[in-house]
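Here the structure is laid out as structure tokens; the discussion comes afterwards.
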Amino acid sequence: MKNSKFASALCLISSFATASFPVFAAEGATAAPAPVAAAPATVEETKQNHVNVGEHIANGQLIFSEGKGEAAACMGCHGEKALGNDAMGAPRLANLGYAYVQKQLNDFAADRRTPSGVGAAMNGFAKALSERDRSDVATYLNTLEMASEPSDLKALAADGQKVGQPELGKVIVTEGIKGRLPPCQACHGFNGRDPRFPRINQQRYVYLVNQLNSWRDGSRANDPVVEQQGIMRRIAKKLSDDDIINIAAFLSTSPSTSPTGDGQ
């Protein structure tokens, strides 16, 4: 099982490094040339890569569990299994996607993303880690199971949190609203599809509400696609307050796999 996790992480990192993504060019611009495929790795190179990935996972796990220098242990807010914490507004990180988590940590370190509240500590923590450390944390998190642990909407409502209606959020997530909103699944898939977009089903309710509000008011601007396009900001500006809490209510309690069981 341990070796399979290493291999899975290696495959994901390698596929992201060599994947060909669509180019969003201005009208009339010449399309970028297709990337040249890398030569297949030799048997010895593959063995060494597995060793290196094992070292990266171990380092990431150590940082997640114990911290490093001025960076506190990630599990202190995100939980021992990285499943998040509604009371702290901390997101689930387990199996969220290597590329996405790495980008967020690098953005925190460069102050391209500056959360408020408890999350404001993330900038200092990320700066205290080297680029390799941040990559290793993302690699480790990608090996964790995305266990089913939905947000408790009734408990949140009892604590005074305004909670949306999952059945209304499901319509927006899966179908969108004609003439106003595309379905969230168009980019994110049901359970994550593209390494640039995070898996959002069973993400924490409070975190989802906070992030959708931040995208809408522009206080978060590190969009996961070509950043100058501002895709998340443009979509979020079309969301009403009710849209936001309804989307969060559905996603935070939705199944961890698709109805067909294929995880997409």
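Per the listing E167, E149, the residue uniquely assigned to a loop (DSSP other than H, G, I, E, B), among the acidic types (D, E) and either within 15 Å of F250 (Cα to Cα) or in contact with a Pro (Cβ under 9 Å, 6 or more places away or on another chain) (or both) is E149.
A count restricted to region 157-171 and to residues that are in contact (Cβ under 8 Å) with a residue 24 or more places away in the chain and either open to solvent by 20 Å² or more (accessible area, probe 1.4 Å) or among the β-branched types (V, I, T) (or both) stands at 8.
Looking across region 74-92, the residues that are in a loop (DSSP other than H, G, I, E, B) and open to solvent by 30 Å² or more (accessible area, probe 1.4 Å) come down to C74, E80, K81.
For (1) modelled with pLDDT under 95; (2) outside any helix (DSSP H, G or I); (3) crowded, with 17+ Cβ neighbours inside 10 Å, each residue gets a yes or a no:
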{"residue": "V173", "(1), (2), (3)": "yes, no, yes"}
{"residue": "C187", "(1), (2), (3)": "yes, no, yes"}
{"residue": "L212", "(1), (2), (3)": "no, no, yes"}
{"residue": "R220", "(1), (2), (3)": "no, yes, yes"}
{"residue": "I244", "(1), (2), (3)": "no, no, yes"}
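Is there a residue being among the polar types (S, T, N, Q), more than 30 Å from Q229 (Cα to Cα), at pLDDT 95 or above and under 19 Å from the mean Cα position of the chain (by Cα) anywhere in region 99-106? No, region 99-106 has no match at all. Scanning region 107-133 for residues that are in a loop (DSSP other than H, G, I, E, B) and of a type in the set (A, V, I, L, M), we see that the one that is surrounded by the most Cβ atoms within 10 Å (Cβ to Cβ) is L129. Of all residues being open to solvent by less than 20 Å² (accessible area, probe 1.4 Å) and at pLDDT 95 or above in region 50-73, which is nearest to M122 (Cα to Cα)? Just the residue, please. Per the criteria, the residue is A71. So for region 79-97 (the condition being more than 21 Å from P224 (Cα to Cα) and among the basic types (K, R)), does at least one residue qualify? Yes, some residue in region 79-97 is more than 21 Å from P224 (Cα to Cα) and among the basic types (K, R).
Regarding region 136-152, can at least one residue be identified that is open to solvent by 40 Å² or more (accessible area, probe 1.4 Å), hydroxyl-bearing (S, T, Y) and either at pLDDT 95 or above or within 23 Å of G218 (Cα to Cα) (or both)? No: zero hits.
Across region 222-242, the qualifying residues are those that are β-branched (V, I, T) and open to solvent by 30 Å² or more (accessible area, probe 1.4 Å), and the one among them that is farthest from A87 (Cα to Cα) is V226.
The values are calculated or read from the model by the stated rules, or taken from the named source; none is laboratory data. Keep in mind that what you see is a predicted model, and the values were worked out from it rather than measured. Note that we place each Cβ from the backbone using ideal geometry, even for glycine, and neighbour counts take in every protein chain shown. For the accessible areas, the whole protein counts, side chains as well, though only heavy atoms, and no ligand, DNA or RNA atoms are used. Shrake-Rupley method; radii C 1.70, N 1.55, O 1.52, S 1.80 Å.
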